[in-house]
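The values are calculated or read from the model by the stated rules, or taken from the named source; none is laboratory data. What you are looking at is a predicted structure, and each value in this text was computed from that prediction instead of being measured. Quick reminder, even Gly has a Cβ in these numbers, built from the backbone with ideal geometry, and neighbours come from all protein chains shown.
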């Protein structure tokens, strides 16, 4: 994957940028988020966390558990912040569950691709 091709500082910067985009989309006032509500909210959460997790796995393939735990912790922290910030956002355990489904999907896809590639 990308972890062998890019220097570590660049990989960290790419992942930090992705996390920054997710933080903006999840924590900005709802009227400031482009395309808010275009798709079912839970599907948006699942797809976003799947992409974020898979990107992390692609950039640092030797730490799948740490990346999955970070993504889950980020999802939980965002839900707590949404519940307490008062920007027209609502913290919801179902959003966190959708995040966890996205993380699990990314892990499954990652494991499947590794098997297809002949790696353990």
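Number of residues in segment 90-103 that are in a helix (DSSP H, G or I) and either within 13 Å of the chain's Cα centre (by Cα) or more than 17 Å from residue 48 (Cα to Cα) (or both) equals 9.
State whether the residues of segment 76-89 include one that is buried (at least 17 other Cβ atoms within 10 Å of the Cβ), assigned to a helix (DSSP H, G or I), in contact with a helix residue (DSSP H, G or I) (Cβ under 6 Å, 6 or more places away or on another chain) and touching a residue at least 24 places away in the same chain (Cβ under 8 Å). The answer is yes, given that some residue of segment 76-89 is buried (at least 17 other Cβ atoms within 10 Å of the Cβ), assigned to a helix (DSSP H, G or I), in contact with a helix residue (DSSP H, G or I) (Cβ under 6 Å, 6 or more places away or on another chain) and touching a residue at least 24 places away in the same chain (Cβ under 8 Å). The residues listed here are 16, 43; of these, the one that is at pLDDT 90 or above and assigned to a helix (DSSP H, G or I) is 16.
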